[in-house]
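Worksheet: one structure, shown below.
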Amino acid sequence: MNKKLWARCLMAGVLSMSLFVVAGCGESKEDKQARFEKAQQEALAQDRSNNVALTDKISKADTWKTAINKLKERGELKTAPIQVSGDMTFDQKTFKIDVVKPGTTELLRYQYDFEKQTWSDGAPVDVVGPGKNDIAQTFYSIDNLNPDMMATVIESFKKEGQSNPELKDTYTGFITKAGMGWGPKSQKFLYFVNQIDSEGGGLESDKIIEATYDETGKAIKLKVKPKGSKDRKNLIK
């Protein structure tokens, strides 16, 4: 089960138990249900407020810059220029990035804690599949990442979500995933901003928006799964 969905179910259960104790035996079944639904809506509203606040935080270039600079300060990465592979990604309320272990073609995955502004120790990444022999082709300097452009495309995504008539009913007011990195196929640096998980639905959610941007900040891909629809629609092909 999706972590968010499980957390919400757990929260609903706790609320239900609390309301039962508070309400007592004298309260009608209808009143208990109304009280429970109100508490549940308040919890969802608070959750949305937290997500909007987090989106505002990662909309600022300094948030990305701070994370990158903190990674550079780690002692084990000071022995050589830092090379990374794939994307620097914001997902599940953390940043994560795969760093090339100095002197090897092995990858170490680091995760960034927003609250503490600290990185975890690097955990080995098991690279599998046909790309294993060509993994070195995905390496690039961490200095090529552009936090200013990342902030620009997030703001562009937010404005598009609020104003585009084909997105307005689907846009939730916050994003769940964003990142930047080297695209081996396109041979360009790309940026992406997605609203994938809406109220615990994950990829099964009926509110999905996915956008990809080029090095200039221009949207080159834009997909939406409108509210109530089972299919995704390409707005930019």
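Only the coordinates and a few stated rules stand behind these numbers; no lab work does. Quantities reported herein were computed from a predicted structural model and do not represent experimental measurements. With ideal geometry, Cβ positions are generated from the backbone for all residues, glycine too; neighbour counts draw on all protein chains shown.
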- Query: Between residue 62 and residue 49, what length in nm is gained on full extension when 0.36 nm per residue of separation is reduced by their alpha carbon distance?
  - Reply: 2.5 nm
- Note on the structure: With T = 37 °C, eta = 0.692 mPa s and Kirkwood Rh from C-alpha pairs, the Stokes-Einstein D of the range 128-203 in µm²/s is about 225
- Task: Would you mind ranking 175, 82, 236 so that the residue whose beta carbon has the fewest other beta carbons within 10 Å leads the list?
- Result: 236, 82, 175
- Item | Dipole in debye (nearest 20) - the range 61-142, about Cα centre, beta carbon charges: Lys, Arg +1; Asp, Glu -1 | 180
- Task: Take the Cβ-Cβ distance between residue 159 and residue 111 as r, set R0 to 35 Å, and report the resulting FRET efficiency rounded to the nearest 0.05.
- Result: 0.75
- Item | Long-range Cα-Cα pairs in the range 61-142 (distance over 20 Å), rounded percent | 29
- Given Cβ charges of +1 for Lys and Arg and -1 for Asp and Glu, the option among 138, 179, 151 whose Cα lies farthest towards the positive end of the dipole of the range 138-188 is 138
- Task: Run the quick spin-label model on residue 42 and residue 76: label points 7 Å from Cα toward the beta carbon, then report their separation in nm to one decimal.
- Result: 4.6
- Where labels lie 7 Å past Cα in the beta-carbon direction, separation of residue 169 and residue 118 in nm: 4.8
- Item | Around residue 61: net Lys/Arg minus Asp/Glu count, Cβ-Cβ under 11 Å | -1
- Dipole magnitude of the range 100-237, debye to nearest 20 (Cβ charges: Lys/Arg +1, Asp/Glu -1, about Cα centre): 540
